[in-house]
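**Q** First the structure, which I've put down as C-alpha coordinates, then a few questions once you've had a look.
The values are calculated or read from the model by the stated rules, or taken from the named source; none is laboratory data. Everything quoted here is computed from the prediction, not taken from an experiment. All Cβ positions, even for glycine, are placed from backbone atoms using ideal geometry, and neighbour counts span all protein chains on display.
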Amino acid sequence: MENALQSFFVSIPQAAALWLVILVAIAVAGAYVGLPRSAPVPPLTPAQADEMRYADEVVVAAERAAATAARRRAEWAAAQERVDAAWRAFDEADRIAREGAQAAAFPLMSRRRKPGENADRQRYLHHAAVAACRNRQISIAQLNDVLAHRGWNPRLHPVVQEGLLRNAVRAHRMSQYEDAQKLEQAAWQESELAAEALRTLRAEAATAIVRAAVTKESPADDEWFADQWATGEIPATKAYA
(Lines give C-alpha, C1' and ligand atoms only; values in the text may rest on other atoms or scores of the structure.)
Protein backbone atom coordinates (compact mmCIF):
# COMPACT_ATOMS: atom_id res chain seq x y z
CA MET A 1 0.00 0.00 0.00
CA GLU A 2 2.75 2.41 0.85
CA ASN A 3 4.55 1.63 -2.43
CA ALA A 4 1.37 2.34 -4.42
CA LEU A 5 0.86 5.71 -2.78
CA GLN A 6 4.47 6.59 -3.37
CA SER A 7 4.13 5.71 -7.09
CA PHE A 8 0.93 7.78 -7.34
CA PHE A 9 2.52 10.88 -5.88
CA VAL A 10 5.58 10.49 -8.07
CA SER A 11 3.46 10.28 -11.28
CA ILE A 12 1.41 13.43 -10.50
CA PRO A 13 4.07 15.95 -11.77
CA GLN A 14 4.58 13.96 -14.95
CA ALA A 15 0.84 13.90 -15.68
CA ALA A 16 0.55 17.61 -14.98
CA ALA A 17 3.37 18.36 -17.38
CA LEU A 18 1.78 16.20 -20.06
CA TRP A 19 -1.57 17.98 -19.68
CA LEU A 20 0.18 21.35 -19.83
CA VAL A 21 1.87 20.39 -23.12
CA ILE A 22 -1.49 19.25 -24.53
CA LEU A 23 -3.19 22.51 -23.49
CA VAL A 24 -0.40 24.62 -25.08
CA ALA A 25 -0.67 22.64 -28.31
CA ILE A 26 -4.44 23.11 -28.38
CA ALA A 27 -4.02 26.87 -27.79
CA VAL A 28 -1.44 27.21 -30.57
CA ALA A 29 -3.65 25.25 -32.97
CA GLY A 30 -6.65 27.41 -32.10
CA ALA A 31 -4.68 30.60 -32.60
CA TYR A 32 -3.41 29.38 -35.98
CA VAL A 33 -6.90 28.46 -37.10
CA GLY A 34 -8.17 31.85 -35.96
CA LEU A 35 -5.63 33.78 -38.06
CA PRO A 36 -7.23 35.76 -40.91
CA ARG A 37 -6.74 34.17 -44.28
CA SER A 38 -5.99 36.31 -47.33
CA ALA A 39 -8.23 35.62 -50.24
CA PRO A 40 -6.53 34.13 -53.29
CA VAL A 41 -5.56 36.66 -55.93
CA PRO A 42 -8.06 36.45 -58.78
CA PRO A 43 -6.62 36.06 -62.28
CA LEU A 44 -6.22 39.20 -64.35
CA THR A 45 -8.80 39.97 -66.96
CA PRO A 46 -7.65 40.79 -70.52
CA ALA A 47 -8.22 44.50 -69.85
CA GLN A 48 -6.16 44.36 -66.66
CA ALA A 49 -3.39 42.43 -68.40
CA ASP A 50 -3.31 45.05 -71.18
CA GLU A 51 -3.05 47.87 -68.65
CA MET A 52 -0.22 46.14 -66.80
CA ARG A 53 1.59 45.40 -70.07
CA TYR A 54 1.21 48.99 -71.24
CA ALA A 55 2.48 50.29 -67.88
CA ASP A 56 5.56 48.06 -68.15
CA GLU A 57 6.24 49.24 -71.70
CA VAL A 58 5.96 52.90 -70.71
CA VAL A 59 8.31 52.37 -67.75
CA VAL A 60 10.89 50.75 -70.05
CA ALA A 61 10.49 53.60 -72.54
CA ALA A 62 10.99 56.12 -69.72
CA GLU A 63 14.20 54.37 -68.67
CA ARG A 64 15.51 54.51 -72.23
CA ALA A 65 14.52 58.17 -72.47
CA ALA A 66 16.43 58.86 -69.26
CA ALA A 67 19.57 57.33 -70.78
CA THR A 68 19.08 59.36 -73.96
CA ALA A 69 18.54 62.57 -71.98
CA ALA A 70 21.72 61.95 -69.99
CA ARG A 71 23.67 61.33 -73.21
CA ARG A 72 22.28 64.50 -74.82
CA ARG A 73 23.13 66.47 -71.71
CA ALA A 74 26.71 65.18 -71.81
CA GLU A 75 26.95 66.09 -75.51
CA TRP A 76 25.73 69.60 -74.74
CA ALA A 77 28.31 69.97 -71.96
CA ALA A 78 31.03 68.80 -74.36
CA ALA A 79 29.80 71.30 -76.97
CA GLN A 80 30.01 74.09 -74.39
CA GLU A 81 33.61 73.12 -73.65
CA ARG A 82 34.41 73.26 -77.37
CA VAL A 83 32.89 76.74 -77.56
CA ASP A 84 35.07 77.91 -74.68
CA ALA A 85 38.16 76.36 -76.27
CA ALA A 86 37.35 77.97 -79.64
CA TRP A 87 36.94 81.35 -78.00
CA ARG A 88 40.28 81.04 -76.20
CA ALA A 89 41.94 80.11 -79.49
CA PHE A 90 40.37 83.13 -81.22
CA ASP A 91 41.36 85.43 -78.37
CA GLU A 92 44.98 84.25 -78.65
CA ALA A 93 44.97 84.64 -82.46
CA ASP A 94 43.47 88.11 -82.12
CA ARG A 95 46.17 89.14 -79.66
CA ILE A 96 48.93 87.88 -81.98
CA ALA A 97 47.35 89.62 -84.98
CA ARG A 98 47.11 92.93 -83.12
CA GLU A 99 50.72 92.67 -82.06
CA GLY A 100 51.68 92.05 -85.69
CA ALA A 101 49.66 95.07 -86.79
CA GLN A 102 51.50 97.24 -84.29
CA ALA A 103 54.87 96.00 -85.58
CA ALA A 104 53.80 96.62 -89.18
CA ALA A 105 53.12 100.24 -88.37
CA PHE A 106 56.81 101.00 -88.85
CA PRO A 107 57.61 101.67 -92.53
CA LEU A 108 59.89 99.32 -94.43
CA MET A 109 62.93 100.61 -96.20
CA SER A 110 62.42 100.77 -99.93
CA ARG A 111 65.27 99.39 -101.95
CA ARG A 112 65.80 97.63 -105.22
CA ARG A 113 65.12 93.93 -105.05
CA LYS A 114 67.81 91.46 -105.83
CA PRO A 115 67.36 89.05 -108.72
CA GLY A 116 65.22 86.15 -107.58
CA GLU A 117 63.98 87.93 -104.44
CA ASN A 118 60.36 87.79 -105.60
CA ALA A 119 60.67 84.03 -105.97
CA ASP A 120 62.12 83.82 -102.46
CA ARG A 121 59.22 85.85 -101.10
CA GLN A 122 56.75 83.58 -102.87
CA ARG A 123 58.45 80.47 -101.50
CA TYR A 124 58.37 81.97 -98.01
CA LEU A 125 54.65 82.71 -98.30
CA HIS A 126 53.85 79.22 -99.55
CA HIS A 127 55.99 77.58 -96.89
CA ALA A 128 54.47 79.67 -94.08
CA ALA A 129 50.93 79.00 -95.33
CA VAL A 130 51.51 75.26 -95.58
CA ALA A 131 52.96 75.20 -92.05
CA ALA A 132 49.98 77.17 -90.73
CA CYS A 133 47.55 74.79 -92.41
CA ARG A 134 49.45 71.77 -91.08
CA ASN A 135 49.09 73.22 -87.57
CA ARG A 136 45.37 73.80 -88.26
CA GLN A 137 45.75 77.54 -87.92
CA ILE A 138 44.17 78.17 -91.32
CA SER A 139 41.75 76.09 -93.36
CA ILE A 140 42.36 74.13 -96.54
CA ALA A 141 40.34 76.72 -98.45
CA GLN A 142 42.55 79.52 -97.16
CA LEU A 143 45.66 77.55 -98.10
CA ASN A 144 44.35 77.07 -101.63
CA ASP A 145 43.77 80.81 -101.90
CA VAL A 146 47.35 81.47 -100.82
CA LEU A 147 48.84 78.96 -103.26
CA ALA A 148 46.64 80.27 -106.09
CA HIS A 149 47.43 83.88 -105.13
CA ARG A 150 43.72 84.69 -104.80
CA GLY A 151 43.77 87.85 -102.69
CA TRP A 152 47.44 87.28 -101.85
CA ASN A 153 50.41 89.09 -103.33
CA PRO A 154 53.48 86.83 -103.19
CA ARG A 155 55.80 89.76 -103.94
CA LEU A 156 55.15 91.52 -100.62
CA HIS A 157 57.79 91.68 -97.95
CA PRO A 158 57.80 88.65 -95.58
CA VAL A 159 56.94 90.93 -92.64
CA VAL A 160 53.79 92.07 -94.43
CA GLN A 161 52.96 88.52 -95.45
CA GLU A 162 53.39 87.38 -91.84
CA GLY A 163 50.88 90.00 -90.72
CA LEU A 164 48.40 88.90 -93.40
CA LEU A 165 48.81 85.27 -92.34
CA ARG A 166 48.11 86.24 -88.74
CA ASN A 167 44.94 87.95 -89.90
CA ALA A 168 44.00 84.78 -91.78
CA VAL A 169 44.56 82.73 -88.63
CA ARG A 170 42.34 85.11 -86.67
CA ALA A 171 39.61 84.84 -89.29
CA HIS A 172 39.84 81.06 -89.21
CA ARG A 173 39.61 81.00 -85.42
CA MET A 174 36.54 83.22 -85.54
CA SER A 175 34.95 80.89 -88.08
CA GLN A 176 35.69 77.92 -85.81
CA TYR A 177 34.17 79.76 -82.87
CA GLU A 178 31.00 80.53 -84.81
CA ASP A 179 30.72 76.90 -85.93
CA ALA A 180 31.19 75.73 -82.35
CA GLN A 181 28.42 78.08 -81.25
CA LYS A 182 26.04 76.65 -83.85
CA LEU A 183 26.84 73.09 -82.78
CA GLU A 184 26.35 74.06 -79.14
CA GLN A 185 22.94 75.54 -79.91
CA ALA A 186 21.94 72.39 -81.78
CA ALA A 187 23.17 70.21 -78.90
CA TRP A 188 21.19 72.35 -76.44
CA GLN A 189 18.02 71.95 -78.49
CA GLU A 190 18.55 68.18 -78.67
CA SER A 191 19.09 68.10 -74.92
CA GLU A 192 15.90 70.07 -74.30
CA LEU A 193 13.89 67.80 -76.59
CA ALA A 194 15.25 64.71 -74.83
CA ALA A 195 14.47 66.21 -71.42
CA GLU A 196 10.92 67.07 -72.51
CA ALA A 197 10.42 63.55 -73.87
CA LEU A 198 11.67 62.15 -70.57
CA ARG A 199 9.27 64.33 -68.56
CA THR A 200 6.38 63.27 -70.78
CA LEU A 201 7.21 59.58 -70.53
CA ARG A 202 7.68 59.74 -66.77
CA ALA A 203 4.29 61.39 -66.36
CA GLU A 204 2.73 58.82 -68.67
CA ALA A 205 4.45 56.00 -66.77
CA ALA A 206 3.12 57.28 -63.46
CA THR A 207 -0.38 57.57 -64.91
CA ALA A 208 -0.16 54.10 -66.45
CA ILE A 209 1.00 52.56 -63.18
CA VAL A 210 -1.84 54.19 -61.24
CA ARG A 211 -4.36 53.21 -63.91
CA ALA A 212 -3.10 49.63 -63.93
CA ALA A 213 -3.31 49.44 -60.13
CA VAL A 214 -6.85 50.83 -60.12
CA THR A 215 -7.89 48.46 -62.88
CA LYS A 216 -6.41 45.55 -60.95
CA GLU A 217 -8.42 46.40 -57.83
CA SER A 218 -11.62 47.51 -59.56
CA PRO A 219 -14.27 45.29 -61.18
CA ALA A 220 -13.68 44.23 -64.74
CA ASP A 221 -16.88 45.86 -66.02
CA ASP A 222 -19.77 48.01 -64.85
CA GLU A 223 -22.23 45.14 -64.70
CA TRP A 224 -20.44 43.69 -61.67
CA PHE A 225 -21.23 46.83 -59.68
CA ALA A 226 -24.90 46.70 -60.69
CA ASP A 227 -25.16 43.05 -59.67
CA GLN A 228 -24.01 43.86 -56.14
CA TRP A 229 -27.23 45.81 -55.46
CA ALA A 230 -30.34 43.87 -54.51
CA THR A 231 -33.63 45.24 -55.72
CA GLY A 232 -34.82 45.96 -52.20
CA GLU A 233 -31.66 47.93 -51.41
CA ILE A 234 -32.23 50.49 -54.13
CA PRO A 235 -34.10 53.46 -52.55
CA ALA A 236 -37.52 53.88 -54.05
CA THR A 237 -38.30 57.17 -55.71
CA LYS A 238 -41.24 59.05 -54.27
CA ALA A 239 -43.87 60.18 -56.75
CA TYR A 240 -45.30 63.59 -56.27
CA ALA A 241 -48.69 64.59 -57.52
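**Q** Scan Ala213, Ala119, Ala180, Ala171 and give me the residue that is small (Gly, Ala, Ser), under 30 Å from Arg53 (Cβ atoms) and in a helix (DSSP H, G or I). Give the steps one after another, and end with the answer.
**A** On the way: Ala119 fails: under 30 Å from Arg53 (Cβ atoms); Ala180 fails: under 30 Å from Arg53 (Cβ atoms); Ala171 fails: under 30 Å from Arg53 (Cβ atoms).
None of the others qualify; the one that does is Ala213.
**Q** Checking the structure you have, find out if any residue of region 217-239 is touching a Cys at 6+ places or on another chain (Cβ under 7 Å) and either modelled with pLDDT under 95 or of a type in the set (A, V, I, L, M, F, W, C) (or both).
**A** First pass over region 217-239, keeping only residues touching a Cys at 6+ places or on another chain (Cβ under 7 Å): none.
No: region 217-239 contains no residue that is touching a Cys at 6+ places or on another chain (Cβ under 7 Å) and either modelled with pLDDT under 95 or of a type in the set (A, V, I, L, M, F, W, C) (or both).
**Q** Okay, moving on. With (1) at pLDDT below 95; (2) under 27 Å from the mean Cα position of the chain (by Cα); (3) not basic (Lys, Arg) as the list, and Gln185 as the residue in question, which single condition is left unmet?
**A** Condition (1) is where Gln185 drops out.
**Q** Still on this structure: Quick check, is Ala97 farther than 30 Å from Leu193 by Cα, surrounded by 13 or more Cβ atoms within 10 Å (Cβ to Cβ) and at pLDDT 95 or above? If you could, list the steps in order and put the result at the bottom.
**A** Values: farther than 30 Å from Leu193 by Cα: yes; surrounded by 13 or more Cβ atoms within 10 Å (Cβ to Cβ): yes; at pLDDT 95 or above: no.
No, not satisfied.
**Q** For Leu125, indicate whether it is exposed (fewer than 15 other Cβ atoms within 10 Å of the Cβ) and modelled with pLDDT under 95.
**A** On the way: exposed (fewer than 15 other Cβ atoms within 10 Å of the Cβ): no; modelled with pLDDT under 95: yes.
So Leu125 does not fit the description; no.
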